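Participant: Below: one structure in structure tokens.
The values are calculated or read from the model by the stated rules, or taken from the named source; none is laboratory data. As the structure is a computational prediction, the values presented were derived from the model and not from experiment. Here the Cβ is made from the backbone with ideal geometry for all residues, glycine too, and neighbour counts use every protein chain on show. For the accessible areas, the whole protein counts, side chains as well, though only heavy atoms, and no ligand, DNA or RNA atoms are used. Shrake-Rupley method; radii C 1.70, N 1.55, O 1.52, S 1.80 Å.
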Amino acid sequence: MTILYRIASRPAYLVTAFIVLIASIFLTIWLLLPGPPKTLTIATGFPDGLYHQFAKQLQVELAKEKIVLRIQNTGGSVDNLALMADSKSGVDLAIIQSGVGNPNQYPKLTALAGLFYEPLWVWYRPDAFNKDGGSLRQLSQLKGKKVSIGNEGSGTNMLSQAILKLNDIESTQLNLVSLSPDEAINQLRQGGIDVAMIVLAGEAPLLKDFYQLPGIRLMDFDQAETYTRVLPYLNRVDIPRGLVSIAHDLPKQDIHVIAPTATLVAHSDINPATVSLLLGTTYDILRNYSRLQKPGEFPSSKGLDFPIDLDAEIFLKDGPSFFYRHLPFWGAVWLERVIKILIPLLIILLPIFTYLPVILNLSLKIRLGRLYKTLKTIEKRFAASKNTDELLSGLNDLENRIERLNVSAIQSKELYDLRMHIALVRDQLKQAK
């Protein structure tokens, strides 16, 4: 009560205490709602792959918003997944081929969007299939052949083994080698292997190197649609004639292939503002990726292995929020943080504003109670000593104390009542003289 009286009797203290309280709450919530990081690391693949190329474009766009994107080259999707699962790797984002990771084993990872199709291209030397008329139409024909299934740590390697298993082909029934894309090209050129399996997007620069190999053909998957039914993370993609080069008519016929989807994956605690920026930038980059997908088909929330981030799902469905649509990125970030702080602040302050009149009224009653106690003491002393001059002086001091009280118009009635009671006591004192 004494502390309340001291604070309430000095309005400046009350205002100062209130401002300090609000500032403390604001600062606490601000620290609990950190802004997006200004440095990110993304795991990609080989330097000549489309994962790396996409990350380079993303790096340029993020730099415009003063965000540094570090690119970490790896052996492919399997390596990327391992880095994302390792809390000490420092990797924040990764591009991972669909079908590579089991989401139940990685509960702290979330998908932001599918980026583009990346078909499984099966290149072969026709002379290795002379008994089949020089044509490879089904993977069951691979028995006894020397086949590259992609380097260890790559999505190619995992997908190749999955589809070989579907065809009941054991590793003992063919000569398997694990080669990187560059190594596979050289081995095909030199005749060191019969078949090379490799997962590449239609825009990947390395794709032209395969098409330009003399005497090499691309397998047309007769059972493409069936693969997509058995392995839901695959899509049937039709490669139109002349896609790689219209001038050189490459390929020379329409071809059916099966394709997983390159997926942008992040940790589940990714900042919502970062999600908005990444997806907004991704839209701009993917406008030029039109060889195998329809305009606007990517980024997509369909066919993802990992559960999609809630903010990413909203963005892909409705686009950027009002702030990010009309304000610069960092302006939207700061304004959104302020709003997120104001809401809990209002929740805290509304009850305070509701009970503030009660608190102030209680404070006034406490102060008036002290004054009434003094008045009662004067009455008791008058009955005992009849020393009116001293007691009248005490009443004057009491009135001076009342004059120093600052109260609202509503509360002034309490003061008038006290003054009336003082006047009654004064009259008694004067009559006794």
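Participant: Under 19 Å Cα to Cα from Lys66, which lysines show up? Leave out anything in the same chain fewer than 8 places away.
Facilitator: Answer for Lys66, where 19 Å is the Cα cut-off: Lys38, Lys56, listed by chain and number.
Participant: Accessible area per residue for the range 210-281 in Å², computed with a 1.4 Å probe and the full protein assembly in place, what is it?
Facilitator: Values: 3140 Å² over 72 residues.
Ligands and nucleic acids excluded, the result is 44 Å² per residue.
Participant: For Phe116, enumerate residues with amide H under 5 Å from its amide H, sequence gap 5+ or separate chain, H modeled in the peptide plane.
Facilitator: Distant-sequence amide H within range of Phe116: Ala262.
Participant: If you don't mind, another one. Within the set of other residues whose C-beta is less than 9 Å from the C-beta of Leu206, count the net charge using Lys and Arg as +1 and Asp and Glu as -1.
Facilitator: Local net charge: -2.
Participant: Give me the angle, in degrees from 0 to 90, between the Cα long axis of helix 329-385 and the longest principal axis of the Cα atoms of the chain, rounded to the nearest 10.
Facilitator: Result, in degrees: 20.
Participant: Taking each pair of different alpha-carbon atoms in the range 106-197 once, compute 1/r for the pair, average those values, and report the inverse of that mean as the Kirkwood hydrodynamic radius in Å to one decimal. Before the final figure, lay out the partial values.
Facilitator: Details: mean 1/r = 0.0700 Å⁻¹.
Hydrodynamic radius (Kirkwood, Cα only) of the range 106-197 equals 14.3 Å.
Participant: Go through Gly303, Ser268, Ile255 and say which Cα lies farthest out towards the positive end of the charge dipole of the range 156-311; charges sit on Cβ, +1 for Lys and Arg, -1 for Asp and Glu.
Facilitator: Towards the positive end, the residue furthest out is Ile255.
Participant: Something else now. Carbon and sulfur: what percent of the chain's accessible surface (1.4 Å probe)? List each step's numbers first, then the result.
Facilitator: Values: 12590 of 22640 Å².
Of all accessible area on the chain, carbon and sulfur atoms account for 56 percent.
Participant: Accessible area per residue, 1.4 Å probe, Å², for the range 31-186: what's the number?
Facilitator: Details: 6760 Å² over 156 residues.
About 43 Å² of surface per residue is accessible.
Participant: Report His267's accessible area, 1.4 Å probe, all protein chains in place, as a number in Å² to the nearest 10.
Facilitator: Looks like 50 Å² after rounding.
Participant: List every residue whose amide H lies under 5 Å from the amide H of Val177, counting only residues 5 or more places away in sequence or on a different chain, with H placed 1.01 Å from N in the peptide plane.
Facilitator: Result for Val177 returns Val147, Ser148, Ile149.
Participant: Here is a further query. Which GluC sites (Glu not before Pro) in the range 182-256 sit in a loop by DSSP (not H, G, I, E or B) and have at most 14 other Cβ atoms within 10 Å of their own Cβ? Kindly include the intermediate steps, with their values, before the conclusion.
Facilitator: On the way: sites: Glu183, Glu203, Glu225; in loops: Glu203.
In loop regions of the range 182-256 (DSSP not H, G, I, E or B), there are no sparsely surrounded GluC sites (Glu not before Pro).
Participant: Another question, then. If you place +1 on the Cβ of every Lys and Arg, -1 on the Cβ of every Asp and Glu, and leave all else neutral, what size is the dipole of the chain about its Cα centre, to the nearest 20 Debye? Working shown, then result.
Facilitator: Values: 46 positive and 41 negative charges, 549 e Å.
For this selection, approximately 2640 debye.
Participant: Applying a 10 Å radius around every beta-carbon, put 289-301, 56-68 in order of their mean neighbour count, most first. Can you show the working numbers first?
Facilitator: On the way: 289-301: 16.6, 56-68: 15.0.
Ranked by mean Cβ neighbours within 10 Å, highest first: 289-301, 56-68.
Participant: Count charges around Gln97 for me, please; just the other residues with Cβ under 11 Å from its Cβ, Lys/Arg as +1, Asp/Glu as -1. Don't jump to the answer; show the numbers that get you there.
Facilitator: Numbers: positive: none; negative: Glu118, Asp305.
Taking every Cβ under 11 Å from that of Gln97, the sum is -2.
Participant: Next question, about the same structure. Could you state the angle between the C-alpha long axis of helix 50-63 and the longest principal axis of the C-alpha atoms of the chain, as a value from 0 to 90 degrees rounded to the nearest 10?
Facilitator: Between helix and principal axis, roughly 30 degrees.
Participant: Give the peptides 38-51, 150-163, 101-114 in descending order of average Cβ contacts within 10 Å, highest first.
Facilitator: Numbers: 38-51: 21.2, 150-163: 23.1, 101-114: 17.7.
Order by mean packing, descending: 150-163, 38-51, 101-114.
Participant: To continue, here is another question. Scan [x] 39.0, 139; [y] 22.5, 69; [z] 24.8, 106 for the value of Rg and Dmax of the Cα atoms in Å calculated from this model and give just the label.
Facilitator: The calculated read-out lines up with [x].
Participant: In straight Cα distance, which aspartates and glutamates are under 15 Å from Lys131, not counting same-chain residues fewer than 8 positions off?
Facilitator: Once the sequence-local aspartates and glutamates are set aside, what remains near Lys131 is Asp194.
Participant: Relative to the longest principal axis of the C-alpha atoms of the chain, give the angle of the C-alpha long axis of helix 272-286, reported between 0 and 90° and rounded to the nearest 10°.
Facilitator: 30
Participant: Sticking with this structure for a sec: Could you name the lysines in cross-link range of Lys380, using Cα to Cα under 18 Å and dropping any fewer than eight places away on the same chain?
Facilitator: Straight-distance partners of Lys380: Lys430, Lys433.
Participant: Rg/Rh for the range 138-283 to two decimals, with Rh computed the Kirkwood way over all alpha-carbon pairs.
Facilitator: Numbers: Rg = 17.3 Å, Rh = 17.1 Å.
Ratio value, two decimals: 1.01.
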